[in-house]
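Note sheet for the following structure.
The values are calculated or read from the model by the stated rules, or taken from the named source; none is laboratory data. Nothing here was measured: the structure is a model prediction, and the numbers come from that model. When we count neighbours, we look across all protein chains shown, and the Cβ atoms used for this are built from the backbone with ideal geometry, even at glycine. Accessible surface areas use protein heavy atoms only, side chains included; no ligands, DNA or RNA. Shrake-Rupley method; radii C 1.70, N 1.55, O 1.52, S 1.80 Å.
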Amino acid sequence: MQIKKIIRCQVVYILLVVLFVLAVIFNINTGNVHISPARIFCIIFLHGDMGTPEYNIIWKIRLPRLCMAAILGGALSLSGFLLQTFFRNPIAGPFVLGISSGAKMFVAITMIFLLKYMSGMPLWAQVAAAFVGSLLAMLYVLLFANRVKSMSMLLVVGIMISYICSAITDLCITFANDSDIANLTHWAMGSFSGSSWSTVKLAAAVVFPTAVVTFLFSKPISAYLLGEGYAQSMGIRIRFFRVCIILLSSLLSACVTALAGPISFVGIAVPHITRLSLKTTKPVVTIPAIFLCGAVFCMFCDLIARTIFSPSELAIGTVTAVFGAPVVIWLMVKRQK
């Protein structure tokens, strides 16, 4: 039985790597300007055709966007996994619990305030504002989570927090300048378009160290999943562990919201899809797979968002909701039974 599990995990990881490679190829090759695979290989690996339109399209538009989709998709999935671990609730996620909306609200308020005195808002300021907003929303969720035992009621609380944050955001946008409103509206829809290597570097600098720390928490998370009493008997300080989980999940979701806008259902759907595929809940096995699966999921969703109605482009949240919402519905029906 143990050998079958190991083989299954190896097959799932190989499949994820293959899907990742296919997502990279399709994203770079597909678009309004078709570029042959041979030229793509030459431009990326041999740095040929420098200065040509194809070179600029690949290195300045498609590759940064692809990297952002992969990094932020993995971050959002990992954030959902941490929240599901913390609340021991299968539908916990940064979007459903209103944490993404809290980050969006604080970024919008900060952006409107700063743009009155500055020509633009620095990327680090967006991430910092989103982190503060995520923590505030998380604190409100924690206030109600201790009093709410039902999974559906926690969902309702998250939706209400999301509505309140969205209402405050809309109120702030009302008093913004016309040009700022256009920027905020485009950002609030959620998109990986406009990604540059500077945003990719910032996302990588935040997400990868956080993901590594999350992986190092595999053993405490595994013990925590077996119960607080068992975790304490293993020498884990529960209060410190909970604070770390909150900070890690908030930082990951804040980075996504700040750099790409709110993206729905990825944080709920991907961890469950990964666990069902692996047929195991061991964090040391599932955490890398969840990150990789989230990257693949968002890369394919972004490909659909920018090509299905080309040259018009859909918001990334629209596509992720189409594929992620059915998973949430299935989880709730299954839990009810």
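Apolar share of the accessible surface for the stretch 188-240: 66 percent from carbon plus sulfur atoms, 1.4 Å probe.
I'd like to compare 71-77, 239-245, 187-193, 258-264: which one has the highest average count of other Cβ atoms within 10 Å, and what's the full order after that?
Values: 71-77: 30.7, 239-245: 13.9, 187-193: 20.6, 258-264: 27.0.
Result, highest mean Cβ count within 10 Å first: 71-77, 258-264, 187-193, 239-245.
The convex hull defined by the C-alpha atoms of the chain has an orientation-averaged projected area of 19.0 nm². Gyration tensor over the Cα atoms of the stretch 203-327: the corresponding equivalent ellipsoid has semi-axes (square roots of 5 times the eigenvalues, largest first) of 31, 16, 12 Å.
With a probe of 1.4 Å, find how much accessible area the chain has per residue, and write the answer as a whole number in Å².
Values: 16390 Å² over 337 residues.
Per residue, the chain has 49 Å² of solvent-accessible surface.
Of the solvent-accessible surface of the stretch 1-92, computed with a 1.4 Å probe over protein heavy atoms with every protein chain present, carbon and sulfur atoms account for 74 percent.
With +1 on each Lys and Arg Cβ and -1 on each Asp and Glu Cβ, and nothing else charged, work out how big the dipole of the stretch 225-337 is about its Cα centre, in Debye to the nearest 20. The partial results should precede the final answer.
Working: 10 positive and 3 negative charges, 110 e Å.
Taking the Cα centre of the stretch 225-337 as origin, the dipole is about 520 debye.
Determine, from the Cβ-Cβ distance of V333 and S198 and an R0 of 45 Å, the FRET efficiency 1/(1 + (r/R0)^6), rounded to the nearest 0.05. Please report the intermediate quantities before stating the final value.
Working: r = 44 Å, r/R0 = 0.98.
The value I calculate is 0.55.
Working ranking of peptides 270-276, 317-323 by packing, defined as the average number of other Cβ atoms within 10 Å per residue, highest first, is 270-276, 317-323. Its relative contact order, with pairs defined as Cα atoms under 8 Å and 6+ residues apart, puts the chain at 31 percent.
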